[in-house]
Amino acid sequence: MTEKMPVDLDALARWMDGEELGSGPIEDAKLLGGGTQNILLRFVRDARPYVLRRPPPHLRKNSNETMRREARMLAAIADTDVPHPRLIAACPEEDVIGAAFYLMEPVEGFNPTVALPPLHAGDPAIRHRMGLSLVEGITALGAVDYEKVGLTGFGKPDNYLERQVARWQAQLESYREFPSWPGPGGIPGVGKVARWLEENRPETFRPGIIHGDYHLANVMFRKDSGELAAIVDWELTTIGDPLLDLGWLMATWPQGDAPRGGGAVGVTPWDGFPSADELVAHYAARTSRDMSHIGWYGVLACYKLGIILEGTYARACEGKAPKETGDQLHASTIGLFERALRWIG
């Protein structure tokens, strides 16, 4: 393996022989870019295109288990109407190419945070449709009966909402292992938001599948319309409260005419995209879930995502991540908590 090709293609071909996935050499192997640290390799074998997904070369503690979970989720939703990359085969073993991996069909589409094609950039109506179809993706996902598709035991839905604040408080405290991190004092309202979440938590919820990191950077759209082509990057998927995916959209959705900043994930041009209130209304019209506490899910998403991003800042303070990246993400954390404080009043 080399830095340029972090997959042993000969070993991969031998494994594919055993899975009866074509024959002959692997051709046109090309690494795909994106916002993920995981590796995406597109190639052709026997005239059929594939995309391989594996963890980064320097494995994290849970990298292989994450790959196995992603593959299990894609297999489970194969016969649903959730737009997703189609799973071809998975290798849970780590000894074939040095990590667990899976193969999926290439998605014909584009990620809007990279750039909008001329069709989408030139038509506000298409951009409006992009926002609505984005919501329809998680409406469909949240409607899947996770037990019927074989995902019993995939997550821990019991007391899911009750565990959230304590779980992320502990995560924030764990950053003290980096002595150069100035601590949580630079995050506005971190204690106030936590208390509000505990005091206003919904009493009940209906468990379902959640993507876990749902925003414009983790989807692909069709090139010929505003329809969703696929939901991608399933690293954080689990069984929990699907309304948190909508809360995540609310937390990351640009406010006003600014497509980026403060934790927002937007595209340019931004005019035409629905408002956050329109997204919530569109979801509500397509679900039987209780939407009366949707504001709580938006605040929880700000809290959770802000703490996740602060982790990179803490590592950057210690010289374990680029300073510029850490500073940018710390600014996003501040923006997310400021948004949460506005919402709770």
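Exposure here means at most 10 other Cβ atoms within 10 Å; with GluC sites (Glu not before Pro) in a DSSP loop as sites, the longest stretch of the chain lacking them is 21-202.
Helix 243-252 and the long axis of the chain differ in direction by around 80°, with both axes built from C-alpha atoms.
What shape does region 9-106 take by its C-alpha gyration tensor, where a ≥ b ≥ c are the square roots of the eigenvalues and a/c under 1.5 counts as rounded, a/b above b/c as prolate, and the rest as oblate? Spell out each step's value before the answer.
On the way: a/c = 1.41, a/b = 1.12, b/c = 1.26.
Note, shape of region 9-106 comes out rounded.
Measuring nothing but alpha carbons in the chain and taking Rh as the Kirkwood radius, the Rg to Rh ratio lands at 0.96. For the chain, the solvent-accessible area with a 1.4 angstrom probe is 46 square angstrom per residue. For the residue pairs LYS61/LYS304; LYS148/LYS223; LYS148/LYS304; LYS30/LYS223; LYS156/LYS323, the C-alpha atoms sit more than 27 angstrom apart in LYS148/LYS223; LYS148/LYS304; LYS156/LYS323.
With both labels modelled 7 Å from their Cα along Cα-to-Cβ, the SER174 to SER288 distance reads 3.7 nm.
Here the gap between ASP28 and ASP46, fully extended at 0.36 nm per residue and compared with their Cα-Cα distance, gives a gain of 5.3 nm.
Okay, which of region 235-252 sit inside 19 Å, backbone N to the point 7 Å along the Cα-Cβ direction of ASN159? The answer is 239-241, whose backbone nitrogens lie closer than 19 Å to the label point.
Any idea what the relative contact order of the chain is, in percent, if you count C-alpha pairs under 8 Å spaced at least 6 apart? Please list the in-between numbers first.
On the way: 581 pairs, mean separation 59.6, N = 345.
Answer for the chain is 17 percent.
Database remark: amide H of ALA89 closer than 5 angstrom to the amide H of LEU103 (H placed geometrically; neighbours at sequence offset of 5 or more, or on other chains; Pro and chain starts carry no H). Taking label positions 7 Å along the Cα-Cβ direction at both LYS192 and GLN255, the computed distance is 1.3 nm, reported to one decimal. Averaging the Cα positions of each part gives two centres, and for region 66-88 and region 194-245 these lie 15 Å apart. A DSSP coil position with no more than 15 other Cβ atoms inside 10 Å describes the following trypsin sites (Lys or Arg not before Pro) in region 34-73: ARG60, LYS61. The angle between the Cα long axis of helix 190-199 and the main principal axis of the chain comes to about 90°, on a 0 to 90 degree scale.
The values are calculated or read from the model by the stated rules, or taken from the named source; none is laboratory data. Worth saying up front: this structure is predicted, and the values here are computed from it rather than measured. With ideal geometry, Cβ positions are generated from the backbone for all residues, glycine too; neighbour counts draw on all protein chains shown. Accessible surface is based on the protein model in full, side chains and every heavy atom, while ligands, DNA and RNA are left aside. Shrake-Rupley method; radii C 1.70, N 1.55, O 1.52, S 1.80 Å.
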